[in-house]
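Here the structure comes first, spelled out in structure tokens, and everything after it is commentary.
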Amino acid sequence: MFPKNQDLSLQSRQVQSQEPDTVETVVGPSVHVEGDFASEGNILVKGTVSGNVTTSRLLTVEDGAKIFANVKAGDAVISGHIKGNIKVSDRLELTESAQVLGDITCKVLVVSPGALIQGKLNMAGISIEGASSEKKRSVRSRLKSTASMEEDDSQQTVE
């Protein structure tokens, strides 16, 4: 169907897209960054960052690394400490050495035994069919029964 050269270029593009992404920015173990830190590529934190960290790609926080601010990333693997809110567009993985003090927002959450979290969790994409309408019906029926009980009481006192 396709000529041979087009078929090969398609295969090479598929192989390239399956290769792991390379790290573009590394905060070394002896480095302390103060201020906001943003990148369009992957970030690997081995040291300390005191400021917001933002990337549209993968954020990796190694064991012993610390971030003292809010984090935004496409995906994240956390093994260190974060004191701040975490907002991940897709997948957040907390390893056994991870410690998070802040609210988490993500689509997929993977938590290894031993990871510590203190904060609220909000997972985007959840939709429980009929839950809100069922709750409304339940409230309405309780209000109706309360109103009819009050009506019966008022009629008894009038007689």
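Here, each number is a calculation from the coordinates, and none is a lab measurement. Every value quoted in this text rests on a predicted model; they were computed, and no experiment measured them. Cβ sites come from the backbone with ideal geometry, for glycine too, and all protein chains shown count toward neighbours.
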In the range 17-123, lysine pairs with alpha-carbon atoms under 17 angstrom apart (chain gap of 8 or more, or interchain): 12
Within a Cβ distance under 11 Å of ALA98, other residues only, what is the Lys/Arg minus Asp/Glu net charge? -4
